[in-house]
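The block underneath contains the structure these notes are about, expressed in structure tokens.
Please treat every number below as a calculation from the coordinates, not as lab data. These numbers were taken from a predicted model, which means no experiment stands behind them. Every residue, glycine among them, receives a Cβ derived from its backbone with ideal geometry; neighbour counts consider all protein chains shown.
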Amino acid sequence: MISEEILKEIRPGTKVRVHEKGGRFEGLVLARKHGKQAGATFTVRAKLADVGVEKVYPIHSPNIKKVEILAKPRRKVRRAKLYYLRNLSEKKIRQKLGV
């Protein structure tokens, strides 16, 4: 279970490292859906071996051991869902978000 303080910090544009039972996954949060409901999720995107990979994590999943906040966006993120970042390069994403 993720702590309440960390849940407040998980928002679009935040760089996170998710420790799960099988290992860990590090990337950028694209979306957060359904608040704190039973089916609430957050989507994390990373580039592995030049291929974009996305994982959707349920917030209340027992498989998540810990979530670390690595970086917050320096600029204000003006959208709730950052799906447009899928089509941008790493450099453009850094310029837009200031991560």
Seminar exercise, completed: Exposure-ranked with fewest Cβ neighbours within 10 Å first, TYR57, TYR83 stand as TYR83, TYR57
For this session: Assign one of three labels to the range 1-89, namely rounded, prolate or oblate, based on the Cα gyration tensor with a ≥ b ≥ c the square roots of its eigenvalues; rounded applies when a/c is under 1.5, prolate when it is not and a/b is larger than b/c, and oblate otherwise.
Result: oblate
For this session: Return the distance in nm (one decimal) between the two label points of a simple spin-label model at LYS8 and GLU54, each offset 7 Å from Cα along Cα→Cβ.
Result: 2.9
For this session: Could you grab the relative contact order for the chain? Cα pairs under 8 Å, six or more apart, rounded to a whole percent.
Result: 32
Exercise. Measuring from label point to label point, each 7 Å out along Cα→Cβ, what is the ILE64 to LYS47 span in nm?
Worked result: 2.5
Problem set entry | Taking ILE59, ILE10, ILE69 and counting other C-beta atoms within 10 Å, the order from fewest to most | ILE69, ILE10, ILE59
For this session: Kindly state, as a whole number, the per residue volume in cubic angstrom of the convex hull around the alpha carbon atoms of the range 60-99.
Result: 114
Exercise. For PHE25, PHE42, what ranking results if the residue with the fewest other Cβ atoms within 10 Å of its Cβ goes first?
Worked result: PHE25, PHE42
Problem set entry | Electrostatic dipole magnitude of the range 39-99 [Cβ: Lys, Arg +1; Asp, Glu -1; Cα centre; debye, to 20] | 440
